[in-house]
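The values are calculated or read from the model by the stated rules, or taken from the named source; none is laboratory data. Because the structure is predicted, anything quoted here is derived from the model rather than measured. Glycine gets a Cβ as well: all are built from the backbone with ideal geometry, and neighbour counts include every protein chain shown.
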């Protein structure tokens, strides 16, 4: 019995033929074209655009958004949403310095640093599990369930540090935000790995199929043997873990941790990237590559406007227009 | 015979539960007020009452608009930014007369609401995404109008303008009066006008409403315009109270408004909604902060202001859990 269900749920590689990377890229072709157009425009009209430095600036700025947006893509694919990511980033961000600056690890700095990488991410993941429990056990709507930690999470981070800024110079830790192996910013490598992993999970694993099934039709998925609650719990946990990682990167870049600032507004940036990337907010689809390109487009437009001397405030208005236009175009295409 | 009896029983129980969930929040509010009155000197003072209403009237107003939007099954994330934008508009218009400023602020908010409604009703984009975009856009406009300054000074010689946020009417703070008038009008609109009835109907079932011949698009447009206009009014109050347009204020206010509506017992799925419970919800969330301030003043415990959001979050969780319990029992019975 269970064997049958497993076969049914296993990704059908030979099936519809629309499974390959190429087919996926074709699906997000409009995003790629827009991105290319932006690149070409900048290549001609923005001085020093085609430099490694410009590339690095843009990628480092967008890396945390993409990392968080990967978790958000999975959550949204199940028909949920996670408003708490920014607050979880703050929690993870204040915990790390508390650990590696703790006098207890003065003689064991290596251990302190290692724990500072692991513990905050796990704590953020645990809060993600809590989100998942709110959704599955208490049957709260995802917006309300994650609103709780959106409000309380930043408060927890502020209470832990009493709202104080923690500054540090710990090269072993800040490597996650400032390190440049082979000239590539470390967080960009981390981001690419996370994107690849998420893509693989969605495309090639049973869990990925389950995620889409739950978002597509929860009742049907449940009846056909998909462990709906466990799947939901898992996506919120993953979202929490990734928010935790992003929090560490942000404080490493700043060499300081400010509970009031870390991750502020991140939930909106991540949701915007997912929406522009073509994942429906109603669930059942997960365009991992779309989210990646969506975030890159938003970033590049902002960069282009700033390079042209347009104030950041006007860039916000443009960003708003892009979100609406992108989503409207996708909906029209889908209807045709 | 038995079945009709059972049916009547069930109906009675359902009614009892819904009254309980409605009045439970009110009971909590009254309990909290009694607690505060007994524990803290100065809690029941006119000064505390007045400052409390002055500040929380803004949250009351945006919660009222949010309540209407949520009834239709939508959501309006843009209200916080609209408050900021309208406060800047109000400050910029304050030299041209208080009522010009009032009109300008409300109109600016209503325009954002119109845009929201148009995108949602005509382009068919989800409310969450649409208002997320206008959240960003309105914030950008607020900063642009303020020329990227931290604040835009208000014409202080305009005493009527100052009165909007700081004055009294029949010994009641003006913002509080505005809020109460808005809620009375809102309650009447919900109960006794086609607009209110239809808004509820849309939230209950959009396709069915369409088949019944309701102009779904126009009603949706209406609720978002209402929400925007009320946020605009809140912006006017903000500018008047602080003496300056505040392009960076209102961060996260939309989520406070949603929390008020949810605490008031309105489901985010639409089709239900109580204006008065929303008011109670908004006041309850505000009161928690007020009580915390007094408790700190007593000096026995000293909770930093940061505890405020932790407690608010915990409280929100408590309320929604109780509500979902009640709702599930209702479904079972």
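Considering each of A:251, A:245, A:271, A:323 in turn, give the residue that is surrounded by 24 or more Cβ atoms within 10 Å (Cβ to Cβ), within 12 Å of chain B (Cβ to nearest Cβ), in a helix (DSSP H, G or I) and touching a residue at least 60 places away in the same chain (Cβ under 8 Å).
Matching residue, one of A:251, A:245, A:271, A:323: A:271.
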**Prompt:** Looking at this structure, is residue B:150 closer than 18 Å to residue A:316 by Cβ, out of contact with any strand residue (DSSP E or B) (no Cβ under 6 Å at 6 or more places or on another chain) and modelled with pLDDT under 85?
**Reply:** yes
**Message:** Could you check region A:156-166 and list, in sequence order, the residues that are touching a residue at least 24 places away in the same chain (Cβ under 8 Å) and facing chain B (nearest Cβ under 7 Å)?
**Reply:** A:156, A:158, A:163
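If I go through region A:254-268 residue by residue, how many of them are buried (at least 22 other Cβ atoms within 10 Å of the Cβ) and away from chain B (no Cβ under 12 Å)?
4
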**Asked** Would region A:230-240 turn up any residue that is away from chain B (no Cβ under 14 Å), within 30 Å of residue A:164 (Cβ to Cβ), over 11 Å from the mean Cα position of the chain (by Cα) and surrounded by fewer than 24 Cβ atoms within 10 Å (Cβ to Cβ)?
**Response** yes
**Request:** Among the residues of region A:290-320, count how many are more than 13 Å from chain B (Cβ to nearest Cβ) and either crowded, with 19+ Cβ neighbours inside 10 Å or under 23 Å from the mean Cα position of the chain (by Cα) (or both).
**Result:** 11
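Taking the condition within 11 Å of chain A (Cβ to nearest Cβ) and under 30 Å from residue B:206 (Cβ atoms), does residue B:280 pass?
No: the conditions fail for residue B:280.
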**Item:** Given (1) closer than 22 Å to residue B:317 by Cβ; (2) more than 14 Å from chain B (Cβ to nearest Cβ); (3) touching a strand residue (DSSP E or B) at 6+ places or on another chain (Cβ under 6 Å), index of the condition residue A:126 fails
**Value:** (3)
**Prompt:** Has region B:234-243 got any residue that is within 30 Å of residue A:133 (Cβ to Cβ) and either surrounded by fewer than 18 Cβ atoms within 10 Å (Cβ to Cβ) or within 11 Å of another protein chain (Cβ to nearest Cβ) (or both)?
**Reply:** no
**Fill in**
Exactly one of B:68, B:52, B:35 is in a helix (DSSP H, G or I) and closer than 15 Å to residue B:165 by Cβ, and that residue is B:52
**Request:** Hey, could you check region A:136-148 for residues that are more than 7 Å from chain B (Cβ to nearest Cβ) and surrounded by 24 or more Cβ atoms within 10 Å (Cβ to Cβ) and say which is nearest to residue A:239 (Cα to Cα)?
**Result:** A:146
**Prompt:** Regarding residue B:82, is this residue touching a strand residue (DSSP E or B) at 6+ places or on another chain (Cβ under 8 Å) and within 14 Å of chain A (Cβ to nearest Cβ)?
**Reply:** no
**Message:** Here is a check on your reading of the model: is residue A:49 assigned to a helix (DSSP H, G or I) and farther than 23 Å from residue A:165 by Cα?
**Reply:** no
**Request:** Please work out if residue A:330 is within 13 Å of chain B (Cβ to nearest Cβ) and buried (at least 19 other Cβ atoms within 10 Å of the Cβ).
**Result:** yes
**Item:** Filter result for residue B:265 (more than 11 Å from chain A (Cβ to nearest Cβ), closer than 22 Å to residue A:156 by Cα and not in a helix (DSSP H, G or I))
**Value:** no
**Asked** What is the one condition in (1) within 10 Å of chain A (Cβ to nearest Cβ); (2) more than 30 Å from residue B:98 (Cβ to Cβ); (3) surrounded by fewer than 24 Cβ atoms within 10 Å (Cβ to Cβ) that residue B:292 does not satisfy?
**Response** (1)
**Item:** Residue list for region B:260-276, filter: crowded, with 23+ Cβ neighbours inside 10 Å and modelled with pLDDT of 85 or more
**Value:** B:260, B:261, B:275
**Request:** Quick one: which residue in B:208, B:189, B:201 is in a helix (DSSP H, G or I) and under 30 Å from residue B:161 (Cα atoms)?
**Result:** B:189
**Complete:** Of the residues in region B:103-129 that are in contact with a helix residue (DSSP H, G or I) (Cβ under 6 Å, 6 or more places away or on another chain) and at the interface with chain A (Cβ under 7 Å from one of its Cβ atoms), the one that is farthest from residue A:332 (Cα to Cα) is B:129
**Item:** Failed item, numbered, when residue B:132 is tested on (1) within 18 Å of the chain's Cα centre (by Cα); (2) modelled with pLDDT of 90 or more
**Value:** (2)
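Assess whether residue B:257 counts as being touching a residue at least 24 places away in the same chain (Cβ under 8 Å), within 12 Å of chain A (Cβ to nearest Cβ), crowded, with 24+ Cβ neighbours inside 10 Å and closer than 22 Å to residue B:228 by Cβ.
yes
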